[in-house]
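Notes follow once the structure below has been shown.
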Amino acid sequence: MSSPVFRHCGLTVSDIDRSLMFWRDALGLELVARQSQDRGYIEVITQEPGAHVHQAHLRFPGSDDFIELLQYVTPRGEPRKLLPRDPGGGHVAVTCDDLPALLARLEAAGGRRFADPVALDHGINAGALVVYLRDLDEHIVELVQPPRPRAEPDHGGRKAATGSPSDPAEPEAVRDVK
């Protein structure tokens, strides 16, 4: 049996064209497919009688990772504003190399930040610049700008030791981060 592989993340939106301005135009995802589903399998898998859904499949540049936007024409859903702590909530994390510029584009497209960007001072992402914002339908998007790589000191041809008690080297197995 093969291992599972990430396929896509689906986000329900109120207006697919408006959401494309955020996810495609401002964030820079590539629109690879757009379609509508009326009843049939969409009705069966969602258990929504009379389901009519507009879909847009957006690919992250240089990858096979997708965001699927879904607008339910019928039945219409109710907007929800889940907090980061609420079960059933979640966020989409995006790595970028110029967080201030990307944040400005997303805010111009209607995104709303929680707070100013924060430089992480500890943990697995120490040194990264991070901010949470909401898209037009209250989905949480996390922007992460990794720390700039540091030049490795020359140790006379010997490989530098990695890690310390406060900054362990990356193990083969997943480590518990607190």
Selected residue [surrounded by 13 or more Cβ atoms within 10 Å (Cβ to Cβ) and among the polar types (S, T, N, Q)] from 19, 3, 63, 36: 19
Some residue of region 26-39 being within 18 Å of residue 137 (Cβ to Cβ), among the charged types (D, E, K, R), in contact with a His (Cβ under 8 Å, 6 or more places away or on another chain) and not assigned by TED's automatic domain parsing to the domain that holds residue 139: yes
Test result for residue 15, touching an Asp or Glu at 6+ places or on another chain (Cβ under 9 Å) and among the acidic types (Asp, Glu): yes
Residues satisfying the stated conditions in region 120-178, i.e. modelled with pLDDT of 50 or more and either of a type in the set (Gly, Ala, Ser) or touching a His at 6+ places or on another chain (Cβ under 6 Å) (or both): 123, 126, 127, 128, 140, 142, 151, 156, 157
Strands (runs of 3 or more DSSP E) wholly inside region 40-119 containing at least 1 residues that are under 13 Å from residue 132 (Cα atoms) and polar (S, T, N, Q): 91-95
Residue within region 100-117 that is within 30 Å of residue 39 (Cα to Cα), modelled with pLDDT of 95 or more and not polar (S, T, N, Q) present: no
Flag if residue 107 is under 30 Å from residue 149 (Cβ atoms) and surrounded by 12 or more Cβ atoms within 10 Å (Cβ to Cβ): yes
Single residue of region 110-133 satisfying the filter (free of Cβ contacts under 8 Å to residues at least 40 places away in the same chain and among the β-branched types (Val, Ile, Thr)) that is farthest from residue 9 (Cα to Cα): 118
Close pairs from region 98-109: first under 17 Å from residue 139 (Cα atoms), partner hydrophobic (A, V, I, L, M, F, W, C) and in a helix (DSSP H, G or I), Cβ under 7 Å, at least 6 apart: 105/26; 106/22; 106/26; 108/26; 109/21; 109/22; 109/26
Residue pairs meeting the criteria (Cβ under 7 Å; at least 6 apart or on separate chains; first in contact (Cβ under 8 Å) with a residue 24 or more places away in the chain, in region 35-58; second crowded, with 16+ Cβ neighbours inside 10 Å and assigned to a loop (DSSP other than H, G, I, E, B)): 58/29
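The values are calculated or read from the model by the stated rules, or taken from the named source; none is laboratory data. The structure presented is a predicted model; accordingly, all values stated were derived computationally and were not measured. In this analysis, Cβ positions are derived from the backbone assuming ideal geometry, glycine residues included, and neighbour counts consider all displayed protein chains.
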